[in-house]
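A.B. asks: Below are the structure tokens for one structure; questions will follow.
The values are calculated or read from the model by the stated rules, or taken from the named source; none is laboratory data. Note that the structure is predicted; figures quoted are calculated from it, not measured. Because the Cβ atoms are built from the backbone with ideal geometry, glycine has one as well, and the counts that use them run over all protein chains shown.
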Amino acid sequence: MKYDFNTIEKKWQEYWAKNQTFKAENQSDKPKYYVLDMFPYPSGAGLHVGHPLGYIASDIYARYKRHQGFNVLHPQGYDSFGLPAEQYAIQTGQHPAVTTEENIKTYRRQLDQIGFSFDWSREVRTSDPKYYKWTQWIFIQLFNSWYNNSANKAEDISELIKIFETEGNINVNAACDDDIELFMAEDWNRFSSERQQQILLQYRLTYLAETEVNWCPALGTVLANDEIVNGVSERGGHPVIRKKMTQWSMRISAYAERLLQGLHTIDWPEPLKEMQRNWIGKSVGASVTFTVIPHVTMSGGEGSHHISVFTTRPDTIFGVSFMTLAPEHELVSQITTPEHKAEVDAYIEATAKRSERDRMADVKTITGVFTGAYVEHPFTKEPIPVWIGDYVLAGYGTGAVMSVPCGDQRDYDFAKHFNISIPNIFEGVDISEEAFADKDNTIIANSDFLNGLNYKDATKKVIEELEKLGQGQGKTNYRLRDAVFSRQRYWGEPFPVYYVNGMPQMIDEAYLPIELPEVEKYLPTETGEPPLGNATVWAWDAENNKVVSNDLCHSERNEESHNGIYPLELNTMPGWAGSSQYFNRYMDPHNDEAIFSQEAINYWQQVDLYIGGSEHATGHLLYSRFWQKFMFDKGLVPCDEFAKKLINQGMILGTSAFVYRVSPNSFGFDTKGEKIIDLIKKHPIFISKILFDELNKLPESIKVFNEDLKSMLNEVFERKLVRVDIKTTEIQPLHVKVKYINASDELDIDGLKKDEEFGEDFENAIFVSDNSRLIHKDNNEKYIVGRDVEKMSKSKYNVVNPDAICEQYGADSLRLYEMFLGPLEQYKPWNTAGITGVHSFLKKLWKLYFDDNGFKVTDTSPTKESLKTLHKTIKKVQEDIENFSFNTSVSTFMIAVNELTTQKCTSKTILEPLLILISPYAPHIAEELWQVLGYNESIATAPFPVFDEKHLVESTKNYPISFNGKMRFTMELPLDMDKEEIEKTVLASEKTQEQLQGRTPKKVIVVPGKIVNIVG
RNA sequence: GCAGAAGUGGUGGAAUUGGUAGACACGUUGGACUUAAAAUCCAAUGGCCAUUAUGGCCGUGCGGGUUCAAGUCCCGCCUUCUGUACCA
């Protein structure tokens, strides 16, 4: 009988589905284990699996844990809100829901085809109101909560107290500090209701704020920092600009310290933790307040102005020779003197025009201007000039720095550039060339009471002195900023929020979910409102608590109400909202009373193993930890970290092909007559990879004068061009479809030009060969595409689905092969070259059980050798699975099967446990052979074989004998032989004497059980 | 610039606490079986030199060091990838 994977795999996939083999119980006597992979992302028209590396790994682990006797939860669902779906909807006019029943079926089929052991009865879809009801519910809980864990709590509370004291005329006693909620409740009514709302908004865990956001005009939405890559949107690569908007924000900054400390308690990959640490960006230092020396023309009310700064080096305060403010700093306009006003205004305007991207691209240019104002040094009382410069960021710290040129390179460069003095306050350090920023070797000098102190002592001392003056204190600063929580999209969870006189009101929990309304189109409205502005039934009837037609109310937030009907929020929640608690929902997915029952969460606790990509480090994985901590504080979950262990799976990469377009604005050449730029727009120029690389080797941004190109263009345009300039930075690689490329990477230019998707883009294109010659019908020049390995993506035309492998070799082969490719966490290009290896392994495995005459497993007792093979395999495979080293256990199986084949083993005692070992990796073939062996039950829960040391005990060891560390030969010796005897025997042997050639060894090293080394 | 990870045959990749480098596969070459092909099986396969068998030298990005012994530990570099970026 032959190994027929087609029939076998179909048979068992049906069996598993019918018998619900992998259903998890919410209560069980067995120990629990919860394995989860990160949500898949549906794309475009449907769902597609891509390469299921992470799924296979988690599935192997889940199956292994079942064999170990665990009650395993291994659920799967859909993260069905997403920008790609919406973009597709906008293009096609179809509804953005990707979770249509048809799509779900396709998706399930694709996953089932690979043999995953999911508990499908627990499916969760983020776009399902039954689920997003709870996302809205959490939002309301966040709105109704104060932050109480901020590291700078004291500071924030004192700010709040100030409001109470000045406006509410309340005398706050210090004991209240620890219980802000209580304190608020008691004196709350003394505020006007309007002011109450304003104060509330400022101190809630989620709040409305006028924030400067990353606005992407092309996508019509706001993007989070982690959705922007190199200044352009991650999806689509559109430009992003800064814009002020009223947005919902999540006060993740209140959890900064706990998010940082929590990293110590979880078993996550170190690089990923490091990324989160950097993102949180804790720095310890001091805040220092400088008083602006008043000048006659200063505006901005009475009293003196103060500029406070954050510094990590308060010890260098005597080295301050100027102050620098961000151009956006609010005091700039007030303190600038009339003589400098024009210059300052011009500078502010110029920097505002520069996009974030430009500012990032050129960090080397030093710019700045003097404001004419001075502040007083807190200790020396000397005047210090105040400058503005765009190297100071408005969004970090206070947007102002005390500049210490001798101790900070940026300050140093700035001072050098503008001829500001650079006082040296370090003992024995030369600062004529560069700043001295080495904290650890600092000894302070020229600094009054700090002289002779090191960094640590000086910092302590200076903070004490600043406190005495009331001009500073120790302070911890975090880079982590609050997360913007609204999106101007249609396809996301609606907010359970309506507005009364412009103030947001939460809809009562009893009336959730607030479902997405129907809209005509998914684009923003003509007045620039989010797509929900197109809805006709989208207003809140506060008396009857339901969504009603908005005929009766104006959509503007600030409009007076009509008949108790109020406008609803038009923004929707971002993609990460739904995924921030979904892992807990799986524990009790069909609960209508609560997001999950306490019984369920107390049984499952948290995710034991979470598998997913490291690209979510500063997004999903940080937000989820934040929400989990919030839920923990509310007493809703027992653990304040949602995933005990996390492993990153790498990605299967695709090989993309490129052509290199020289963009029209790169041409600054002179000519007579009509505009050449227009000609080039009509005739895009594509240069070859070789040419591109050559040009790229030249210094960046330099204009390239290229004779070859010039003569070619002369030929094309039939006119005399004087010169051709190309800026090397303006040649863009473009992806091309694989179907236009032959085996030797040669481009089919005619095919490409006719491609419908590109339209006219390529129609008149000019291609330049490696030999810098124009390609046309009459010559044999060829265009060779560039190749690079990248993330698979539809837009890169490099997606290779594993489906074909499944069809040709079966799911078991695919599972084994994806694991065999290499370590799980590694990124690797997809390459099917070695697939025959694992497939023939499966065939060999089959042959251990079957030959031409049929089933051949017998009850004969196994040989010692076979027992040894089995048990060494058990040991290795168990270790490998526990270390997630799946690639090496595949090798181990191959070795075992090769050995057992050589041994002609037919013993049930060996072949039965072997199947259980292999079943997590290749479940279909294992299940089939298990049945043939006479079992009616699925192999899925058969107990894992127990390793027995006694089968591996050896009496002899084949010792490597080395001379000066080089292995020369081996020698079989009894393991119980002691050191002296080994030495004697080895030295006495003929081969040793031959090696020594009569010399006496200086030293003989014997490590019993390991090695013998003779030093001669 | 900073942080993290990595660098081993023609290729993917193995190698416990330092202890026989290249497991297991792919590919290649030769052979068996076939009219032939496929499939299957056997053998060889890091490089160089030698060959009558036994052999010898060099080899884990580069240069040093520690050690009886280094892919592994230490110091100094180079390259690649990932993240982050004027963070005071």
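A.B. asks: Which one is surrounded by the most Cβ atoms within 10 Å (Cβ to Cβ) among residues in segment A:932-951 that are within 42 Å of the chain's Cα centre (by Cα) and small (Gly, Ala, Ser)?
C.D. replies: Among residues in segment A:932-951 that are within 42 Å of the chain's Cα centre (by Cα) and small (Gly, Ala, Ser), the one surrounded by the most Cβ atoms within 10 Å (Cβ to Cβ) is A:ALA940.
A.B. asks: Could you tell me whether A:VAL890 is among the β-branched types (Val, Ile, Thr), within 16 Å of RNA strand B (Cβ to nearest atom), free of Cβ contacts under 8 Å to residues at least 60 places away in the same chain and outside any loop (DSSP other than H, G, I, E, B)?
C.D. replies: Spelling it out, it is not the case that A:VAL890 is among the β-branched types (Val, Ile, Thr), within 16 Å of RNA strand B (Cβ to nearest atom), free of Cβ contacts under 8 Å to residues at least 60 places away in the same chain and outside any loop (DSSP other than H, G, I, E, B).
A.B. asks: Would it be correct to say that A:SER919 is in contact (Cβ under 8 Å) with a residue 24 or more places away in the chain, under 30 Å from A:GLY54 (Cβ atoms), polar (S, T, N, Q) and surrounded by fewer than 18 Cβ atoms within 10 Å (Cβ to Cβ)?
C.D. replies: no
A.B. asks: Is it true that some residue in segment A:267-287 is touching a strand residue (DSSP E or B) at 6+ places or on another chain (Cβ under 9 Å), within 28 Å of A:GLN649 (Cβ to Cβ) and away from RNA strand B (no atom under 16 Å from the Cβ)?
C.D. replies: no
A.B. asks: What number of residues within segment A:333-369 are touching a helix residue (DSSP H, G or I) at 6+ places or on another chain (Cβ under 8 Å) and at pLDDT 90 or above?
C.D. replies: Adding up the residues that qualify gives 4.
A.B. asks: Out of all the residues in segment A:931-940, which are farther than 13 Å from A:GLN13 by Cα and part of a loop (DSSP other than H, G, I, E, B)?
C.D. replies: A:LEU933, A:GLY934, A:TYR935, A:ASN936, A:GLU937
A.B. asks: Cβ-Cβ under 9 Å, sequence separation 6+ or interchain: first residue in segment A:819-838 and of a type in the set (Lys, Arg), partner part of a loop (DSSP other than H, G, I, E, B) and within 6 Å of RNA strand B (Cβ to nearest atom). Which pairs?
C.D. replies: Final answer for the pair search is A:LYS828/A:LEU821; A:LYS828/A:GLY822.
A.B. asks: Which residue is surrounded by the fewest Cβ atoms within 10 Å (Cβ to Cβ), if the candidates are limited to segment A:484-506 and must be hydrophobic (A, V, I, L, M, F, W, C) and under 15 Å from A:THR572 (Cβ atoms)?
C.D. replies: Among residues in segment A:484-506 that are hydrophobic (A, V, I, L, M, F, W, C) and under 15 Å from A:THR572 (Cβ atoms), the one surrounded by the fewest Cβ atoms within 10 Å (Cβ to Cβ) is A:VAL484.
A.B. asks: Sticking with this structure for a sec: Given the criteria outside any loop (DSSP other than H, G, I, E, B) and at pLDDT 95 or above, does A:ALA594 qualify?
C.D. replies: Here the answer is no, as A:ALA594 does not meet what is asked.
A.B. asks: Just to be sure, is A:ILE726 modelled with pLDDT under 70 and touching a strand residue (DSSP E or B) at 6+ places or on another chain (Cβ under 8 Å)?
C.D. replies: Here the answer is yes, as A:ILE726 does meet what is asked.
A.B. asks: Could you tell me whether any residue of segment A:746-754 is touching a residue at least 12 places away in the same chain (Cβ under 8 Å), surrounded by 14 or more Cβ atoms within 10 Å (Cβ to Cβ) and assigned to a loop (DSSP other than H, G, I, E, B)?
C.D. replies: No, segment A:746-754 contains no residue that is touching a residue at least 12 places away in the same chain (Cβ under 8 Å), surrounded by 14 or more Cβ atoms within 10 Å (Cβ to Cβ) and assigned to a loop (DSSP other than H, G, I, E, B).
A.B. asks: Is it the case that A:ALA400 is loosely packed, with under 15 Cβ neighbours inside 10 Å and either modelled with pLDDT of 90 or more or within 15 Å of RNA strand B (Cβ to nearest atom) (or both)?
C.D. replies: No, not satisfied.
A.B. asks: Hey, any hits in segment A:792-810 for a residue that's within 13 Å of RNA strand B (Cβ to nearest atom), closer than 18 Å to A:PRO52 by Cα and not in a loop (DSSP other than H, G, I, E, B)?
C.D. replies: yes
A.B. asks: Looking at A:GLU972, A:GLU928, can you tell me which residue is outside any strand (DSSP E or B) and in contact (Cβ under 8 Å) with a residue 12 or more places away in the chain?
C.D. replies: A:GLU928
A.B. asks: List pairs: first in segment A:106-125 and farther than 21 Å from A:ILE8 by Cα and at pLDDT 90 or above, second charged (D, E, K, R) and assigned to a helix (DSSP H, G or I), Cβ under 8 Å, 6+ apart or cross-chain?
C.D. replies: Cβ pairs passing all conditions: A:TRP120/A:ARG108; A:VAL124/A:ARG585.
A.B. asks: With respect to A:MET250, determine if the residue is surrounded by 15 or more Cβ atoms within 10 Å (Cβ to Cβ) and either within 15 Å of RNA strand B (Cβ to nearest atom) or at pLDDT below 85 (or both).
C.D. replies: Spelling it out, it is not the case that A:MET250 is surrounded by 15 or more Cβ atoms within 10 Å (Cβ to Cβ) and either within 15 Å of RNA strand B (Cβ to nearest atom) or at pLDDT below 85 (or both).
A.B. asks: OK, next. Go through segment A:462-476 and count every residue that is over 38 Å from the mean Cα position of the chain (by Cα), more than 13 Å from A:ILE317 (Cβ to Cβ) and outside any helix (DSSP H, G or I).
C.D. replies: 1
A.B. asks: Please go through segment A:932-979 and give me each residue that is within 10 Å of RNA strand B (Cβ to nearest atom) and touching a Leu at 6+ places or on another chain (Cβ under 6 Å), ordered by number.
C.D. replies: Selection gives A:LYS957, A:TYR959.
A.B. asks: Let me ask something additional. Quick check on my filter: what residues within segment A:466-483 are out of contact with any Lys or Arg (no Cβ under 7 Å at 6 or more places or on another chain) and either of a type in the set (Phe, Trp, Tyr) or surrounded by 18 or more Cβ atoms within 10 Å (Cβ to Cβ) (or both)?
C.D. replies: If the condition is that a residue be out of contact with any Lys or Arg (no Cβ under 7 Å at 6 or more places or on another chain) and either of a type in the set (Phe, Trp, Tyr) or surrounded by 18 or more Cβ atoms within 10 Å (Cβ to Cβ) (or both), then A:LEU466, A:GLN471, A:GLY472, A:LYS475, A:ASN477, A:LEU480, A:ALA483 are the ones that fit.
A.B. asks: Quick one: how many residues across segment A:571-591 are part of a helix (DSSP H, G or I) and either surrounded by fewer than 21 Cβ atoms within 10 Å (Cβ to Cβ) or aliphatic (A, V, I, L, M) (or both)?
C.D. replies: Summing the residues that are part of a helix (DSSP H, G or I) and either surrounded by fewer than 21 Cβ atoms within 10 Å (Cβ to Cβ) or aliphatic (A, V, I, L, M) (or both) in segment A:571-591 gives 1.
A.B. asks: Report yes if A:THR459 is assigned to a strand (DSSP E or B) and more than 30 Å from A:LEU83 (Cβ to Cβ), otherwise no.
C.D. replies: Answer is no for this residue.
A.B. asks: Sticking with this structure for a sec: Give A:GLY650, A:GLY654 a once-over and let me know the one that is in a loop (DSSP other than H, G, I, E, B), within 16 Å of RNA strand B (Cβ to nearest atom) and touching a strand residue (DSSP E or B) at 6+ places or on another chain (Cβ under 8 Å).
C.D. replies: A:GLY650
Listed here are the residues, each with its yes/no results for (1) within 15 Å of RNA strand B (Cβ to nearest atom); (2) in a helix (DSSP H, G or I); (3) among the hydrophobic types (A, V, I, L, M, F, W, C).
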residue: A:ALA833; (1), (2), (3): yes, no, yes
residue: A:GLY837; (1), (2), (3): yes, yes, no
residue: A:LYS843; (1), (2), (3): yes, yes, no
residue: A:LYS847; (1), (2), (3): yes, yes, no
residue: A:SER861; (1), (2), (3): no, no, no
residue: A:GLU865; (1), (2), (3): no, yes, no
residue: A:LYS868; (1), (2), (3): yes, yes, no
residue: A:LYS875; (1), (2), (3): yes, yes, no
residue: A:GLU879; (1), (2), (3): yes, yes, no
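A.B. asks: Please go through segment A:336-353 and give me each residue that is surrounded by fewer than 13 Cβ atoms within 10 Å (Cβ to Cβ) and closer than 15 Å to A:ALA373 by Cα, ordered by number.
C.D. replies: Passing the criteria: A:PRO338, A:GLU339, A:ALA342.
A.B. asks: Looking at segment A:985-1016, which of its residues are more than 12 Å from RNA strand B (Cβ to nearest atom), loosely packed, with under 13 Cβ neighbours inside 10 Å and not in a loop (DSSP other than H, G, I, E, B)?
C.D. replies: Answer for segment A:985-1016, where residues must be more than 12 Å from RNA strand B (Cβ to nearest atom), loosely packed, with under 13 Cβ neighbours inside 10 Å and not in a loop (DSSP other than H, G, I, E, B): A:ALA988, A:GLN993.
A.B. asks: Considering each residue of segment A:451-465, count those that are buried (at least 17 other Cβ atoms within 10 Å of the Cβ) and of a type outside the set (D, E, K, R), and give that number.
C.D. replies: Here the count works out to 6.
A.B. asks: Ok, one more. Being at pLDDT 90 or above and assigned to a loop (DSSP other than H, G, I, E, B) is the requirement here; does A:PRO517 meet it?
C.D. replies: Against the criterion (at pLDDT 90 or above and assigned to a loop (DSSP other than H, G, I, E, B)), A:PRO517 qualifies.
A.B. asks: Could you list, in sequence order, the residues of segment A:369-397 that are of a type outside the set (Gly, Ala, Ser), more than 7 Å from RNA strand B (Cβ to nearest atom) and assigned to a loop (DSSP other than H, G, I, E, B)?
C.D. replies: Result: A:HIS377, A:PRO378, A:PHE379, A:THR380, A:LYS381, A:GLU382.
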